[in-house]
Protein chains: 2
Amino acid sequence: MGQDKKISAAVIHRLPRYYRYLGDLLEKGITRISSKELSNRMNITASQIRQDLNNFGGFGQQGYGYNAAYLHDEIGKILGLDRSYHMIVIGSGNLGQALINYANFEKRGFFIRAAFDINPKLVGMSVRGIPIYDLDEMENYVKTHAVDIAILTLPRSQAPDVVKTLCDCGVKGFWNFSHMDLDVPEGVCVENVHLTDSLMTLLYKVNDASHNL
Amino acid sequence: MGQDKKISAAVIHRLPRYYRYLGDLLEKGITRISSKELSNRMNITASQIRQDLNNFGGFGQQGYGYNAAYLHDEIGKILGLDRSYHMIVIGSGNLGQALINYANFEKRGFFIRAAFDINPKLVGMSVRGIPIYDLDEMENYVKTHAVDIAILTLPRSQAPDVVKTLCDCGVKGFWNFSHMDLDVPEGVCVENVHLTDSLMTLLYKVNDASHNL
């Protein structure tokens, strides 16, 4: 994409929402929309929408409005949805398994490849085909597989060590469901909230950071 | 509590984090802390901390710092943690069940009382003692039980009807995990993010709204 200027966090947080609304329009067969109509639907001012999208070059055409498919596609690219991501889940209890079971991730190109836990009752199981390994195997796994994002659904007491190991192994993105703030080195991105919107935001940050390396 | 002035959303979102950090201090046996120390730990400026807490009357003593237990307790009260809450889960799939299984809620006074689903395989089951009822029974349940908060973990296509019914029955708080923005009447609060921090924020809003009725 080659964005030169820094995009504010507020704009970044709104992008997944634009993406979602535009996807909804496309599902309904609506192919173009004015910033005013989009504004009404999203409950954001039309000028805010124009300003937000101008960060990425605009996309609108005077008197025509936005081409929904094009805009959807471009925002998808900005969010980094034009490639796929490898993810691992650390902590395979209820929440970890719920995330593994969320098949919608795969439609977006987010693939959970492995899960880890310390509980001997879980280790060796698989959830929807995703193997649960012993946490002791995590380091070796990460060293031998491409891992874009670690999803942390482990108890907070275990989080700091796990995060340090993963950072040392070069993992750059943490989707953090553990109830603590993470201490990560420069260039490592953390998203402390949940599900598709926040995962998309994280992907943006990961991509943005990788652009700025 | 009788807060007279409007507290900004940004401050409200920080309160659960103060509460968490102060709880951590107490667990470590630290009973008082200066705004500077707290600032270092939380990565917020000391002046921001003072400003935030001044919204609620300060709590600090010049040259002494903050009494961690007192501040923890007071922020807990502000968040509404000095009472208990009745919650229901709408949509008892993986995520709904993961939330039901999250026993930490109960320690905070958040009690999930019932869950609902349309899937005949789930209806009649119970998860950690919480019954899963048919969605058709939801309306009657809500009319005959006190429900403070509905947790929405149902597919988005079903969300609008469910939300309308629940609003008509007087439910004032939605913890919304369904992937859409909700259309709710004035005085009904929605929190579109997840887990303990955001649930606490919602509780604040519910309490705040009830103060202003």
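Where a number appears in this text, it was derived from the coordinates with a stated rule and is not lab data. These figures come from a predicted structure and were not determined experimentally. Note that we place each Cβ from the backbone using ideal geometry, even for glycine, and neighbour counts take in every protein chain shown.
What ³J(HN,Hα) values, in whole Hz, does the Karplus curve 6.51 cos²θ - 1.76 cosθ + 1.60 give for region B:170-181 when θ = phi - 60°, with x put for Gly and Pro?
Per residue, the Karplus-derived 3J(HN,Hα) values read x, 5, 10, x, 10, 9, 9, 9, 7, 7, 7, 7 Hz.
According to a simple spin-label model (label point 7 Å from Cα along Cα-to-Cβ), what is the distance in nm between A:Ala46 and A:Arg156?
4.7 nm
Can you sort A:Ser178, A:Ser34, B:Ser8, B:Ser92 by how many other beta carbons sit within 10 Å, fewest first?
Working: A:Ser178 24, A:Ser34 15, B:Ser8 11, B:Ser92 27.
Going from least to most buried by this count: B:Ser8, A:Ser34, A:Ser178, B:Ser92.
So what are region A:77-192's ellipsoid semi-axes, whole angstrom, largest first, if each one is the square root of 5 times an eigenvalue of the alpha-carbon gyration tensor?
In descending order, the three semi-axes are 19, 18, 13 Å.
When a/c is below 1.5 the answer is rounded, else prolate if a/b is larger than b/c, else oblate, so apply that to region B:9-79 with a ≥ b ≥ c taken from the square roots of the Cα gyration tensor eigenvalues. Don't skip to the answer; put the middle values down first.
Working: a/c = 1.29, a/b = 1.13, b/c = 1.14.
Rounded.
Under 5 Å between amide H atoms, partner at least 5 residues away or on a different chain: which partners does B:Ile151 have, H built in plane at 1.01 Å?
The list, which skips near neighbours in sequence, is B:Ile88, B:Val89, B:Ile90, B:Trp175.
Can you give the average number of partner chain beta-carbon atoms within 10 Å of each beta-carbon in peptide A:86-98, as a whole number? Let's see the in-between values first.
Values: counts 0, 0, 0, 0, 0, 0, 0, 3, 10, 9, 1, 4, 9.
Mean inter-chain Cβ contacts per residue within 10 Å come to 3.
In nm, to one decimal, how far is the modelled label at B:Val11 from the one at B:Val190, with both set 7 Å along Cα→Cβ?
If labels sit at B:Val11 and B:Val190, their model points lie 2.6 nm apart.
Tell me, how many Å apart are the Cα centres for region B:17-96 and for region A:136-180?
Taking the Cα centre of region A:136-180 as reference, the centre of region B:17-96 is 27 Å away.
Per residue of region B:28-44, in order, report the coupling 6.51 cos²θ - 1.76 cosθ + 1.60 (Karplus, θ = phi - 60°) as ³J(HN,Hα) in whole Hz, putting x for Gly and Pro.
8, x, 8, 9, 9, 8, 7, 5, 5, 4, 4, 4, 4, 5, 8, 6, 10
Say the cut-off is 22 Å between C-alpha atoms; which of B:Lys77/B:Lys172; A:Lys143/A:Lys164; A:Lys121/B:Lys28 go over it?
Numbers: B:Lys77/B:Lys172 19 Å; A:Lys143/A:Lys164 14 Å; A:Lys121/B:Lys28 32 Å.
In this structure, A:Lys121/B:Lys28 exceed 22 Å between Cα atoms.
Between A:Met125 and A:Arg32, what's the calculated FRET efficiency when r is the beta-carbon distance and R0 is 56 Å? Round to 0.05. Can you show the working numbers first?
Values: r = 49 Å, r/R0 = 0.87.
Calculated value: 0.70.
May I ask you to evaluate 6.51 cos²θ - 1.76 cosθ + 1.60, the Karplus curve with θ = phi - 60°, for each residue of region A:45-53 and list the ³J(HN,Hα) values in order in whole Hz, giving x for glycine and proline?
Here the 3J(HN,Hα) series is 5, 4, 6, 4, 4, 4, 5, 4, 6 Hz.
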